[in-house]
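J.: Got a structure here, written out as structure tokens. Questions coming.
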Amino acid sequence: MNDIVNPVALVDRSFYFIIGFSFVFLFAITLVMIWFVIRYRRSKHPSPSDIRGNLLLETVWIVLPTIIALSMFVSGWRSYTGLRNVPEGALEIEVIGQSFSWLFYYPNDKETESEIVVPVNTPVKLNITSADVIHSIFIPAFRVKVDAVKGLHTYAWFLPEKTGEYFFQCTEFCGTGHSDMTGVVRVVSQEEYEKWVNQEDEW
């Protein structure tokens with residue numbers, strides 16, 4: 001599994017790239033604006049100047065933003081495809097949203113409610129749908145957020161690289177019990193997972 005690129009890294013890289021450029025341009029434009037206010041204030045330039053036909057300035061103004069916008073698109077596209085291209089051999093879990101809990105079904109028909117148990121360093125594919133109204137499963141730690149719609153089957157995948165517990169919730173208002181529609185992803189060792197998934201007792 002070492003050759004699998006974690007989509008979390010791709011999403012974070014794209015986010016920092018875009019937000020970084022945004023801060024750089026905010027800072028640069030603010031400085032230029034302040035310089036113009038001081039340099040061309042009315043007390044020093046009572047008569048405004050009309051500057052036209054600067055080919056170099058117009059070329060830079062068109063080419064530079066185009067390059068930046070395209071680079072942002074490429075970065076975003078890579079993170080998007082990383083989220084959609086599920087690695088081979090992923091553990092598939094069926095996910096059904098209902099008012100007001102999440103149901104998870106494993107390949108051996110083991111069922112959990114509002115709890116996902118997965119082995120560490122194993123890609124996990126969630127096959128998502130709804131039993132009633134629109135829900136949305138959001139697992140912040142793995143950058144997963146997908147709507148669950150009745151009659152529509154969609155999916156998401158993630159790669160848990162550290163053991164531990166990770167919070168998830170429904171982020172589509174689905175009724176009076178919406179705030180109770182939370183749960184936890186438990187990432188355990190492969191040995192613990194095999195023991196858990198094959199036992200009939202509760203976790």
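The values are calculated or read from the model by the stated rules, or taken from the named source; none is laboratory data. Here the structure is a predicted model, which is why all the values come from computation and not from measurement. No Cβ is skipped: glycine too gets one built from the backbone with ideal geometry, and neighbour counts run over all protein chains shown. Note: accessible area is taken over every heavy atom of the protein model, side chains too, but ligands, DNA and RNA are not part of it. Shrake-Rupley method; radii C 1.70, N 1.55, O 1.52, S 1.80 Å.
J.: Residues 79, 71, 22, 47: which one is more than 19 Å from residue 153 (Cα to Cα), of a type outside the set (Lys, Arg) and touching a helix residue (DSSP H, G or I) at 6+ places or on another chain (Cβ under 7 Å)?
T.: 79
J.: For segment 138-150, give me each residue that is small (Gly, Ala, Ser) and surrounded by 18 or more Cβ atoms within 10 Å (Cβ to Cβ). Quick ask: steps written out before the conclusion?
T.: Let us first name the residues in segment 138-150 that are small (Gly, Ala, Ser), namely 141, 148.
Within segment 138-150, just 148 meets the criteria.
J.: Also, quick follow-up: Within segment 120-131, take every residue that is touching a residue at least 40 places away in the same chain (Cβ under 8 Å) and out of contact with any Leu (no Cβ under 7 Å at 6 or more places or on another chain) and give me the one that is least open to solvent (accessible area, probe 1.4 Å). Before you say what the answer is, go through the steps one by one.
T.: The initial filter retains those residues of segment 120-131 that are touching a residue at least 40 places away in the same chain (Cβ under 8 Å), namely 120-123.
Now narrow it down to the ones that are out of contact with any Leu (no Cβ under 7 Å at 6 or more places or on another chain): 120-121.
On the way: 120: 31, 121: 82 Å².
Checking each candidate, the answer is 120.
J.: For residues that are open to solvent by less than 60 Å² (accessible area, probe 1.4 Å) and either closer than 14 Å to residue 139 by Cβ or not in a loop (DSSP other than H, G, I, E, B) (or both), tally how many sit in segment 186-203.
T.: Residues in segment 186-203 being open to solvent by less than 60 Å² (accessible area, probe 1.4 Å) and either closer than 14 Å to residue 139 by Cβ or not in a loop (DSSP other than H, G, I, E, B) (or both): 6 in total.
Residue by residue, here is whether (1) open to solvent by 90 Å² or more (accessible area, probe 1.4 Å); (2) within 27 Å of residue 144 (Cα to Cα); (3) among the polar types (S, T, N, Q); (4) modelled with pLDDT under 95 holds:
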site	(1), (2), (3), (4)
18	no, yes, no, yes
47	no, no, yes, yes
61	yes, no, no, yes
94	no, yes, no, no
100	no, yes, no, yes
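J.: Checking the condition at negative phi, open to solvent by 50 Å² or more (accessible area, probe 1.4 Å), at pLDDT 95 or above and in contact with a strand residue (DSSP E or B) (Cβ under 9 Å, 6 or more places away or on another chain), which residue from 135, 153 passes?
T.: Values: 135 fails: open to solvent by 50 Å² or more (accessible area, probe 1.4 Å).
Unique residue meeting the criteria: 153.
J.: So in segment 156-185, with the set limited to residues that are farther than 28 Å from residue 10 by Cα and surrounded by fewer than 18 Cβ atoms within 10 Å (Cβ to Cβ), which one is farthest from the chain's Cα centre (by Cα)?
T.: 176
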